[in-house]
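The values are calculated or read from the model by the stated rules, or taken from the named source; none is laboratory data. Keep in mind that this is a model prediction, so the values were computed, not measured. With ideal geometry, Cβ positions are generated from the backbone for all residues, glycine too; neighbour counts draw on all protein chains shown. Surface accessibility is based on the protein's heavy atoms, side chains included, excluding ligands, DNA and RNA. Shrake-Rupley method; radii C 1.70, N 1.55, O 1.52, S 1.80 Å.
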Amino acid sequence: MASAPEPEDGRELDALLHLSPDASGEEIRRAYRQFAQIYHPDKYQDTQMKEVATENFQRIRDAYEILSDENKRQIYDIYGMEGLNSGLELGPKLSKPEEIKEQLERLRRRKEEEKNFTHALPIGSIIANFSVPHYLNGGGIMRGMAMSSEVELPVSKQNTVVVGGNLAVNGAAGSGAASTVLRHQLSPVSSIEFMATAGLRSVIGTQMSRQISPHSTATSGLAVSLRDGSINLSNAWTRQLSDNAVGNIQLVLGDESSISVGWQKKDEKSTATGEVKFGTNFFGASAHYTHRFSKSHARIAGRVGSTALDFEIGGGRRISEFSTVRMMYNIGIQGVSWRFELHRAGQKLIIPVLLSTDLNALFVTSAFAIPSTLYFLLQTYVVKPYYLKREKQKTLEKMEGLSTQLTEARKAAEKAKKLLEPVSNRKKNRQLENNGLVITKALYGSCKKIKESSELNEIHNDMSSQVYDVTIPLNFLVTEAGQLKLHDGIKKSGIMGFYDPCPGDPKLLLVEYTFHGRKYKVTVDDYEALLIPQDIHQF
């Protein structure tokens, strides 16, 4: 069984009530009573103070309700707030942590399966063929159209059904087919598929794949034609040649027997593939190379064989998170053509346009040069400035949003500190009278800025946005016995009167204090435990 994930919220509820992760029920109740006395709305007559108290009291009560409920706390201890918010609930009372984790994993898997039922994965394409020579000769400009669609439906964790179909029209002729595939995962290393196709070529078949070594996979298939009873056998072997390269060999025996050898190499910046194929009455070879830039890509490809000889070059650009446009220039034995493509999620719109069947040198050059020039002009003077402006706007909006969040978080921390301050000052004065523990300075925030402020003994204006004074909250947490303890593994920004001034950056807590007339200083990491006073902190 996979181990359960650790909570990712820094145990905010434990921090809020100043509790250790293994706090007892009595300790939880005692912490709740302590903070409830400070933040109960009935203690305040001023309207503004009552609103602040109500807001913080609600946070404390919510934390207490979760941590004091055995089942909810078990979920929180393992999955944090994500587990609670996802609706996980334990049925019978479980005593062992292993049983709790197993039950939660079972519930999580069930929710994932339910989610699979509601999510189908559609893939489809539309191809519209245009011909300029045919139009100039008095015919229609559109020569044909083809459509295909496929939907992948996860039935369970091991079973998937794929339903698809296609229609094609070329001139006065047409064809179509519908297919269904049932894919079953036999084990982590093997699977089997059952396939049926109805149409002009009705076929039934099966295919089995198995990982035969850490770097090799074998696939075998059998297909039977329902029209003439012919049988096709196929075998394929795929091997991982390196971290980013794969090689494959495929053998097909039947009406159109063939053997092919292929290779693919793919990394973050580029993809290269090549294939050589020999059949009983044909042969062919193909290769392509794609290089990816930040938001665009360039592609070059070629084919040569008994039925094809062409070369194409072009590129594309991502225009949104899920959409890409592409234009390709092709020259071959069929003539000169352009191909326009729009890809969005799993859908494709492809428009090949045959420009000429004659390989005139001037026309071939113009067909490549004119769109290339237009593309670079648009890219330089329209597209690039537009995207730069949009990225700048997005960055500004993101910064404004983050700034607003930080401002609100800082205001909430200031409000919490305001209510803590009277009790914090009383505790501080009592410790002064007894020559006990007094926090004289406490800063929480950016590692770099904390270190600078420690060396300079002051906070400059450029530091204030990344460092926050938490002297009042820490004096409040000092016990009657003159001790302060912050628990290990708990993010300090969750403590009442704290907030995170620099999300995503490493943080430190700097504490300067006096005890029995001596001065001390200590610095700890965000999740590190702290226990003071200690002699090693003296300076």
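Side notes on the structure shown:
- Crossing angle, helix 47-67 versus the chain [Cα axis fit, 0-90 degrees, rounded to tens]: 70
- The residue 40 and residue 518 beta-carbon pair, evaluated with R₀ = 45 Å, returns a calculated FRET efficiency of approximately 0.75.
- Within segment 400-539: Cβ-based charge dipole about Cα centre, in debye rounded to nearest 20 (Lys, Arg +1; Asp, Glu -1): 460
- C-alpha long axis of helix 25-39 to longest principal axis of the chain, angle in °: 80
- Segment 230-357: C-alpha gyration tensor shape, a/c 1.5 cut-off, then a/b vs b/c: oblate
- Taking a ≥ b ≥ c as the square roots of the eigenvalues of the alpha carbon gyration tensor, segment 250-293 is prolate, as a/c is not under 1.5 and a/b beats b/c.
- Across segment 150-245, Cα-Cα pairs farther apart than 18 Å form 60% of the total.
- Compared with the dominant Cα axis of the chain, that is its longest principal axis, helix 97-117 is turned about 40°.
- Taking a quarter of the surface of the Cα convex hull of the chain gives a mean projected area of 37.3 nm².
- Heavy-atom accessible area per residue - the chain, 1.4 Å, Å²: 59
- Computed over the chain: relative contact order in percent, which uses C-alpha pairs under 8 Å that are six or more apart: 9
- Across the chain, the longest piece that holds none of the trypsin sites (Lys or Arg not before Pro) lying in DSSP loops with up to 16 other C-beta atoms within 10 Å covers 296-539.
- If you look at the Cα atoms of segment 320-458, you get an Rg and a Dmax of 32.5, 102 Å.
- Heavy-atom surface analysis with a 1.4 Å probe gives the chain a carbon and sulfur content of 56 percent of its accessible area.
- Dimensionless Rg over Rh [segment 7-61; C-alpha; Kirkwood]: 1.06
- Under the combined filter of DSSP loop state and at most 11 neighbouring Cβ atoms within 10 Å, segment 239-311 retains these chymotrypsin sites (Phe, Trp or Tyr not before Pro): 293.
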